[in-house]
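Trainee: Sending over a structure as structure tokens; questions will come in a sec.
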Amino acid sequence: MTGENCAMKKNRIDFEKNVLRKMIFMYCKGQKHDGPLCRDCRILLDYALQRLDTCIFGNDKMFCSKCTVHCYKPVMRDHIKKVMRYSGPKMLYHNPLMALRHILKK
């Protein structure tokens with residue numbers, strides 16, 4: 001892999017990590033969980049970030065909901081779906097540029 005391809009992969013994965021962080025923090029705050037990030041949301045965030053780090057598709061990664069390889073445990077998949085349903089629409093208001101960039105990658 002060339003340096004440029006590696007940087008692209010890193011940038012794509014870093015962007016996805018940023019989106020995840022914002023969405024999980026937004027969800028946790030909106031659900032009035034303890035602190036800036038409750039224990040369950042911290043566990044979900046750590047798990048999701050680890051899944052991104054080990055995604056076999058790398059820079060060619062699609063949305064997890066469209067993926068043929070479901071690498072999330074069922075309980076974590078259910079939790080992240082709740083987060084996405086809650087935070088997704090709110091991202092357009094709170095982080096419109098990030099939300100549009102994310103949607104356009106679809």
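Trainee: List every residue pair whose Cβ atoms sit under 9 Å apart, with the two residues 6 or more apart in sequence or on different chains, where the first one lies in region 12-24 and is over 12 Å from K61 (Cβ atoms) and the second, anywhere, is hydroxyl-bearing (S, T, Y).
Mentor: From region 12-24, the pairs are K22/S87; M23/Y86; M23/S87; I24/S87.
Trainee: I'd like to check which helices (runs of 4 or more DSSP H) are fully inside region 1-105 and have at least 2 residues that are at positive phi, open to solvent by 60 Å² or more (accessible area, probe 1.4 Å) and at pLDDT 90 or above. Steps first, answer last, please.
Mentor: Numbers: elements: 3-30, 39-53, 74-94, 96-104.
Per the criteria, no element qualifies.
Trainee: Give me the pairs, please: first residue somewhere in region 34-57 and farther than 13 Å from E16 by Cα and free of Cβ contacts under 8 Å to residues at least 12 places away in the same chain, second residue anywhere and open to solvent by 90 Å² or more (accessible area, probe 1.4 Å) and part of a helix (DSSP H, G or I), beta-carbon distance under 8 Å, and either six or more positions apart or on two chains.
Mentor: Cβ pairs passing all conditions: P36/K29.
The values are calculated or read from the model by the stated rules, or taken from the named source; none is laboratory data. Quick caveat: nothing in here was measured; it's all calculated off a predicted structure. Cβ sites come from the backbone with ideal geometry, for glycine too, and all protein chains shown count toward neighbours. The accessibility values were calculated without ligands, DNA or RNA, using every heavy atom of the protein model including side chains. Shrake-Rupley method; radii C 1.70, N 1.55, O 1.52, S 1.80 Å.
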